[in-house]
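Step one of this worksheet: look at the structure below.
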């Protein structure tokens, strides 16, 4: 191996050819990179115009190795690293050649023969640089001066960039400016040339230069590794398998995701996306080092891509039940169960499962996700659950029952019917999950009525409506007072029920309904095309009794739509989860306070259990900032642990303002919706962000 500093002219001049191997990624420079390079070129051109020696601009390295086609009479080299730079600079020179061609044909001819083509040579040896197959045709057309200016490739975009830049900088009174630019490109941009010898391990050099996670994607590294191990079959495998695969997936990120999923399905269930290349390399090293190994892997990836594309676009699926189940998971925006879905589609293709079983298994996955969201089970571990599932599926069970059993297992937290009913009755559904997921649940409940003229939810532009308004008028509070339970005020009843599922529906008339009395809403609900709204309109009034009765009906429907886990398998009795309450208190901003009722509404409890929990639990941050609904310190408040003194003085020091009656400023109070917004529960929970 030899290494030394050179220029583009030193690298390209003379009869030779640099070949970009098949395994290299296509040309990918964008305007930002081109603009920076052009700025560097102009800086060097200005130094030349000024006659200044100045320092040259270091551009980077070019690593090459002898090509299998190498001969002493006509050197051929494989470009291991630096092909993006070489392609860009060659296109810049082609742009200069075409820019000056009409005014000075001899100059244009000189540029071509010195840097772009091997004169008096025909066929495959004509070009000094031969890009990877994807870019070869369009690059050759530009170098040969026959390309259409409207091609939409990256190569074409780079060429047009330089043509436009040359037009903008040329001074009609000084034709030498273009000469300065050419000289800057060929003689003032320095490169480190690393020429590997025949015995050098080219791919190890490539790894050390590129496996940084910055320049090359995991897909690039895997592809390069594979095709480096296909010395005689590379062209065939690339044309017949890799190119069709790349065209069908048609997105580098999706292709990387597919390779990651293939690893998981091969048993690497803990592999992270950023470690795909290393893990894939380890697995290749455990197999016979033959071209069959690598060709078979590309063929298998191509086969699995059909399943992956069906997951991405369920319209590709021919079976109606499977297609519907896949669309529901897409609507839920569930990427997490992708390993399980890929496994199911693979089992079906192998004849180990029917479409009916696959559709049923997908429904269990949907139920697992939806029930957890309704019951507000923290999403911690969801990735692990679904990445482990392919290796845990019982071999002696049908796939649908196997999926159900695995998801019912210990520490999977798939809520049963009792938990589902309790959550629908008590938890503030409106404050949890993502907005489209809340709409999904209500939409599925509406669809269960089998309306003869189904609603087109895509075009209907429906939003979630609170029947009992979020801002309750005296009239609404009077209705709630009729159903008052011991010790609960109408305002507390409102906070407890307003965001529960029993009080929510879908409508396209949210602004019209607003805070109107129920009688006004009834008229609009009766005229609604949604069956759930017409059923709400049948109620003579809308208070706590009606909300709780509707919650029970919805829970029964939900238990049918989203089947329950296997009874008794890995069930763990769960007490009340106070983690959300602790999170809310921990992030209270300075000067803010909240109430027992607000916290109760946030977690789907009542004020009394919240008070009891805070009174009995040490170490809860900001517990002293929980006040009564009228902003007063609870008469029973006691410091847990060290006595910090007068709580009013502490609160004042922390920025809470009090009036003469020792009542906190209402404007500083954070309600349940405000706490949910602070926790960002409308998008993703704190625990999800940290998992």
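The values are calculated or read from the model by the stated rules, or taken from the named source; none is laboratory data. Bear in mind that the values here come from a model prediction, so they are computed numbers and not experimental data. Every residue, glycine among them, receives a Cβ derived from its backbone with ideal geometry; neighbour counts consider all protein chains shown.
General observations
- In region 492-527, the residues that are in contact with a strand residue (DSSP E or B) (Cβ under 7 Å, 6 or more places away or on another chain) and at pLDDT below 90: 507, 510, 513
- Qualifying residues in region 529-547 (those that are outside any helix (DSSP H, G or I) and more than 13 Å from residue 519 (Cα to Cα)) - the one modelled with the highest pLDDT: 530
- Conditions (1) within 32 Å of the chain's Cα centre (by Cα); (2) touching a residue at least 60 places away in the same chain (Cβ under 8 Å); (3) buried (at least 17 other Cβ atoms within 10 Å of the Cβ); (4) at negative phi: number failed by residue 413: (4)
- When the helices (runs of 4 or more DSSP H) confined to region 219-306 are screened for residues that are over 21 Å from the mean Cα position of the chain (by Cα), those reaching at least 2 such residues are found at 234-237, 243-249, 276-285.
- Some residue of region 16-32 being modelled with pLDDT under 90, more than 42 Å from the chain's Cα centre (by Cα) and more than 27 Å from residue 250 (Cα to Cα): yes
- The conditions of being outside any helix (DSSP H, G or I), in contact (Cβ under 8 Å) with a residue 24 or more places away in the chain and buried (at least 20 other Cβ atoms within 10 Å of the Cβ) are met by residue 376.
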